[in-house]
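A short write-up of the structure that comes next.
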Amino acid sequence: MQKLPDSRGRFGQFGGRYVAETLMPALFELETAYQQARRDPKFRADLKRYSAEYVGRPTPLYFCANLTAKLGGAKIYLKREDLCHTGAHKVNNTLGQALLAVRMGKTRVTAETGAGQHGVATATMAALFRRQCEIFMGSVDVERQALNVFRMKLLGATVTPVDSGSKSLKDALNEALRDWIATVRDTYYLIGTAAGPHPYPMIVRDLQSVIGRETRRQIIARENRLPDVIVACVNGGSNAIGIFHPFIRDAGVRLVGVEAAGLGLSGPLHAATIAAGSVGVLHGNRTYLLQDEMGQIRETHSIAAGLDYPGVGPEHAWLKDTGRAEYAAVTDAEALDALKALCETEGIIPALESSHAVAHAIKLAPTLPRERIMVVNLSGRGDKDMQTVATAFGVTL
Amino acid sequence: MDTHNNTHPGRIAARFRELRARNEAALIPFIVAGDPSLRRTRELVLELEARGADLIELGVPFSDPMADGPANQRAAARGLAAGATLPAILAMVSELRRATQVPLILFGYYNPIFHYGCDRLCADAARAGIDGLLVVDLPPEEAAELARPAAHNGLDIIYLLAPTTPLERARRIARSASGFLYYVSVTGVTGARARLSADLAGNVEQLRTVTKLPIGVGFGISTPAQAGQVAAFADAVVVGSALSLLIEADYNENDLVATAGEFVAALKDAIRAARPAAPGATA
Ligand SMILES: Cc1ncc(COP(=O)(O)O)c(C=O)c1O
């Protein structure tokens, strides 16, 4: 099997480096720095040590006895990324990239954020490694993720609300790229998902693959075999590619990505890029996008701020086209039901993003025989979403 | 329908040759198509040409203009609201070609072009009378699928060079470029700047060592004085955001076209004054 991405940053037709010339030299610099770092024992040792002592890895693989019994089908395991320091898988990526930024001598770190989880994880690393930090966040998200905005500020980051376009994640990404165009010499742009121009999708995938490597060890230790199905929510697709990637060559493992169907795929208010999108070029890569018939990017909707983006990482576009992974979509309402179900059966409050994966697992498990094994990537915890969930359930806090 | 044909060199090269003979730098105003309406864009092109524009860049509005500052972002939003799609812009250009031979360059982002189809876009744009394409987020590494049909249809692809571009890379880019090279004067997005970067003239001089193509300079140039300074060493001066702001300020007025024309005349005066006229040349 050919190693992807290729030297042009391509996964088949997807990926590439579609950026303004100002950034091209920085992307080459980053690629070189990353290739050196990944072979450097010191970098690997640092990554390992901080992952264990600071992030709390390995995260547990937890068997959901109650949920499994209730659904009466496949055994359901949760990969507990919600137990990572800062509350989501995002930190696996920010840790690795922050170490890279330090190595490259960059004094300032920037990021876009939707749910605020990536912003918090970036601000955390900036505090730890004493870098200046600016987080770009759509003004709609600033409002619906107020708690995370406060956390970022507490950690010493500047949070810059973005008022252009749909005022959410894609616009935050635009603004982060604009900032980088002006500050590229001393700023490390720390993208939060497995998208953007090459080499970012590769770097983020490599760093998040720790999720899948651990899962593999853990399920073999526990069940003495590989799982039958792996389910993960997909926005840009970093938690999903992280758990999928170490299983891609295992043809017997079904890989299922779950996108946000928002208010339903029949209308415009969703963010199911693979289910309802077409191929285009945005934010540095060629991939599936939600766009109109003139190639203008559409506004999206999801109750989960971290799924509210009209694109998807290029490797997922490739996995979709080659048929190696399949992609489903879950509505706001189904995600909320799943959140409630996991709280009540297992005492675990999932993030709204992760609730999409849980919702699909709840649909899928009863259709499978009891000896089948399913792993759900629980990408984050729900604390940040309590305001949104309360409002959705008609509760005033 | 018009006098455009598919053999190089086209209108862009011809225009630079004329200007060089007069020892004069080109003025290239940038306006977003459809800002505030396609009818106004047509009037603006004719007026700007009459007042001294040598080539004109027509912005193709995009929902996510990642390399643009606030002024051009808002101009793009107005253009989109006015329905300035690629087909509508090309229809307007076809009409314009009955009235003017000023070189026209489409300036935009890749997704609308990709979506239209590179082959079809190049054929339709050439037929409408477009002379060149400048696609901000399409570096030479990714440009093959557009460059091939562009060359086939006699369209120049204008590449950007930035202050961050190493000289060796600039040399490679220059080899695949035609028309002219566009040097981005600031490490940053489009938008007016109070001051030009101090090493601008030196950077342009350095680029002369890797190319014989004309070198235009843009991003941040917003006053006649700045245009004059740049004209002393560059072959073309691009002014964009300042015009977007003028158009925005005049949004509901009827003298928008005249106001923009006067600004362009002042820019061109400063550009002419920056260099001595070639002996025997008539402006
Ligand atoms: C908890 C959680 N899960 C998932 C996502 C989606 O991102 P990705 O698709 O990159 O994993 C986010 C994004 O903010 C998140 O916060």
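Highest mean packing comes first when the peptides A:145-154, A:188-197 are listed by Cβ atoms within 10 Å, giving A:188-197, A:145-154.
Between the listed residues B:Phe30, B:Ala84, B:Ile113, the Cα displaced farthest toward the positive end of the dipole of the protein assembly as shown, a dipole computed from Cβ unit charges relative to the Cα centre, is found at B:Ile113. Pairwise Cα separations in the protein assembly as shown fall into 20 Å bins from 0 onward with the following percentages, short to long: 19, 48, 26, 7, 0. When the other protein chains are added to the chain by itself, burial of at least 30 square angstrom of heavy-atom accessible area (probe 1.4 Å, ligands and nucleic acids ignored) affects these residues of segment B:181-200: B:Thr187, B:Gly188, B:Val189. Taking each DSSP H run with n ≥ 4 as -39500 (n - 2.57) and averaging over every residue of chain A yields -12500 deg cm²/dmol at 222 nm. How large is log10 I(q)/I(0) at q = 0.14, 0.25, 0.29, 0.33 Å⁻¹ when the Debye formula is applied to the Cα atoms of segment A:56-102, each weighted equally and without solvent? Relative scattering, expressed as log10 I(q)/I(0), comes to -0.48, -0.86, -0.97, -1.08. For a straight C-alpha distance cut-off of 27 angstrom, the lysines reachable from A:Lys70 (same-chain residues fewer than eight places away being disregarded) are A:Lys79, A:Lys340, A:Lys363.
Let me confirm one metric for peptide B:136-144, namely the mean number of other chain beta-carbon atoms within 10 Å of its residues' beta-carbons.
Per-residue shielding by partner chains comes out at 6.
Quotient of the Cα radius of gyration of chain B and 2.2 N^0.38 Å, N being its number of residues: 0.92. Remark on segment B:152-175: accessible area falls by at least 20 square angstrom from chain-alone to full-complex state for B:Leu160, B:Ala162, B:Thr164, B:Arg169, probe 1.4 angstrom. In a reduced charge model with +1 at each Lys and Arg Cβ and -1 at each Asp and Glu Cβ, the protein assembly as shown shows a dipole moment near 2200 debye about its Cα centre. Excluding ligands, DNA and RNA, the accessible surface per residue across segment B:11-105 is 31 Å² with a 1.4 Å probe. Normalised by the number of residues in segment B:11-273, the mean separation of alpha-carbon contacts (under 8 Å, six or more apart) gives a relative contact order of 23 percent. As a fraction of the 1.4 Å probe accessible area of the protein assembly as shown, surface on carbon and sulfur atoms comes out at 53 percent.
Across peptide B:71-82, the mean count of Cβ atoms from other chains lying within 10 Å of each residue's own Cβ comes to 1. Rank A:Pro310, A:Tyr188, A:Ala172 by how far each Cα sits towards the positive end of the charge dipole of segment A:158-316 (+1 on Lys, Arg Cβ; -1 on Asp, Glu Cβ) and give me just the farthest. So the residue we want is A:Tyr188.
So which aspartates and glutamates pass the test for A:Lys75, namely a Cα distance under 13 Å, with those fewer than 8 places away in the same chain ruled out? Candidates past the 8-residue exclusion: A:Glu223, A:Asp228, A:Glu371. Candidate cross-link partners of A:Lys3 among the lysines, defined by an alpha-carbon separation under 23 Å and a same-chain spacing of 8 or more, comprise A:Lys320. Under the convention that each Lys and Arg Cβ holds +1 and each Asp and Glu Cβ holds -1, the size of the dipole of chain B around its Cα centre is about 700 debye.
Taken as Cα centroids, segment A:199-247 and segment A:305-321 sit 16 Å apart, rounded to the nearest whole angstrom.
In the calculated pair distance distribution of segment A:305-358, what percentage of Cα-Cα distances lie above 17 Å?
For segment A:305-358, the share of Cα pairs beyond 17 Å comes to 48 percent.
List the residues of segment A:170-189 for which accessible area in the full set of protein chains is at least 50 Å² lower than for the chain on its own; 1.4 Å probe, protein heavy atoms only. When all protein chains are present, A:Arg178, A:Ile181, A:Arg185 each give up 50 Å² or more of accessible surface. Taking the average, over residues, of other Cβ atoms within 10 Å as the packing measure, peptides A:378-388, A:79-89, B:157-167 rank A:79-89, A:378-388, B:157-167 from highest down. The packing ranking, built from the mean of other Cβ atoms within 10 Å per residue, places the peptides A:36-42, B:272-278, A:266-272 in the order A:266-272, B:272-278, A:36-42, highest first. Centroid-to-centroid, using Cα positions, segment A:130-198 and segment B:34-107 are 31 Å apart. The residues of chain A have, on average, 35 Å² of accessible surface per residue, using a 1.4 Å probe with all protein chains present. Of the trypsin sites (Lys or Arg not before Pro) in segment B:66-163, the ones in a loop by DSSP (not H, G, I, E or B) with at most 14 other beta carbons within 10 Å are B:Arg98.
Here segment A:188-265 is treated with +1 on each Lys and Arg Cβ and -1 on each Asp and Glu Cβ, and its dipole about the Cα centre works out to around 220 debye.
Is it possible to state the helix-based mean residue ellipticity at 222 nm for chain B, with each DSSP H run of 4+ residues giving -39500 (n - 2.57), the sum divided by total residues, to the nearest 500 deg cm²/dmol? What is it? So the helix-based figure for chain B works out to -13500 deg cm²/dmol. The contact between chain A and chain B removes approximately 2900 Å² from the accessible area (both sides summed; 1.4 Å probe; ligands, DNA and RNA excluded). Phi angles of segment B:104-111 translate, via the Karplus equation with coefficients 6.51, -1.76, 1.60 and θ = phi - 60°, into HN-Hα couplings of 10, 10, 7, 10, x, 10, 6, 4 Hz per residue; Gly and Pro are given as x.
The values are calculated or read from the model by the stated rules, or taken from the named source; none is laboratory data. A quick note: this is a predicted structure, and the numbers were derived from the prediction, not measured. Positions of Cβ are backbone-derived with ideal geometry, glycine not excepted, and every protein chain shown enters the neighbour counts. Accessible surface areas use protein heavy atoms only, side chains included; no ligands, DNA or RNA. Shrake-Rupley method; radii C 1.70, N 1.55, O 1.52, S 1.80 Å.
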